[in-house]
Amino acid sequence: MTSIPDSHRDLLNGQFATLGTIGPSGRPQVSIVWFLAEGDTVKISLNTSRQKVKNLLANPAASVLIAGNPPYRYVEIRGDAEVTPDDDYEFADKVGAKYGADLRSRDKPGERRVVVSIRPSHVVTWGDAAS
């Protein structure tokens, strides 16, 4: 497994990430998402009704871009996503705590949550280390 260099590790504490997946047409699809980092792994809580989940179940190839503020530094994490159920909202509640939101209130009756975990197989950084 590839790791994120210390020079850009601070970006894992950022507020937003851009998640890229491959859509049914074979073209990239990107969305801005909330996330948590655990070590070098980026984890995202998604509702199973989202196209992102369908994309990842069909093709786990993913890219996550986390930019600084201002966005002159970034880290891109490429890897295969692992999608696991979060039926009890344990992870969704952790994400909600970071962002001051209740993710349960964003889901319609009968919808479910999953945890999307992306471990880096390739890392790209841009910009100087944080000062």
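Taken together, the values in this text are just the output of simple stated rules run on the coordinates, not laboratory data. It should be emphasised that the depicted structure is a prediction, and the values quoted were computed from it without experimental measurement. Cβ: placed from backbone, ideal geometry, glycine included. Neighbour counts: every protein chain shown.
Among TYR89, TYR72, what is the fewest-to-most ranking by other Cβ atoms within 10 Å?
TYR72, TYR89
For the range 94-111, in order, what is each residue's ³J(HN,Hα) by Karplus, 6.51 cos²θ - 1.76 cosθ + 1.60 with θ = phi - 60°, in whole Hz (x at glycine and Pro)?
Going residue by residue, I get 5, 5, x, 5, 5, 9, x, 9, 9, 5, 4, 6, 8, 9, 7, x, x, 7 Hz, with x marking Gly and Pro.
So for the range 6-126, what are the equivalent ellipsoid semi-axes in whole Å, largest first, each being the square root of 5 times an eigenvalue of the Cα gyration tensor?
Result for the range 6-126: semi-axes of 23, 18, 12 Å.
Using a cut-off of under 20 Å, list every residue of the range 38-54 whose amide N is near the label point 7 Å from the Cα of ASP102 along the Cα-to-beta-carbon line.
Of the residues in the range 38-54, 45-48 have backbone N under 20 Å from the label point off ASP102.
So what's the back-of-envelope 222 nm ellipticity for the chain, counting only DSSP H runs of four-plus at -39500 (n - 2.57) apiece and dividing by all residues, rounded to 500?
Using -39500 (n - 2.57) per qualifying helix, the result is -4000 deg cm²/dmol.
So who's got an amide H within less than 5 Å of the one on PHE35, skipping anything under 5 residues away but keeping other chains? H placed 1.01 Å off N, in plane.
none
Please list 3J(HN,Hα) in residue order for the range 44-54, calculated via the Karplus relation 6.51 cos²θ - 1.76 cosθ + 1.60 where θ = phi - 60°; whole Hz, with x for glycine and proline.
10, 9, 10, 7, 5, 7, 6, 4, 4, 5, 4
Roughly how compact is the range 51-106, stated as its Cα Rg over 2.2 N^0.38 Å to two decimals?
Normalised Cα radius of gyration, the range 51-106: 1.39.
Could you pull out every residue, at least 5 positions away or on a different chain, whose amide H is within less than 5 Å of the one on ASP86? Hs are placed 1.01 Å off N in the peptide plane, and Pro or chain starts have none.
When sequence neighbours closer than 5 places are left aside, the close amide H contacts are ARG113, VAL114, VAL115.
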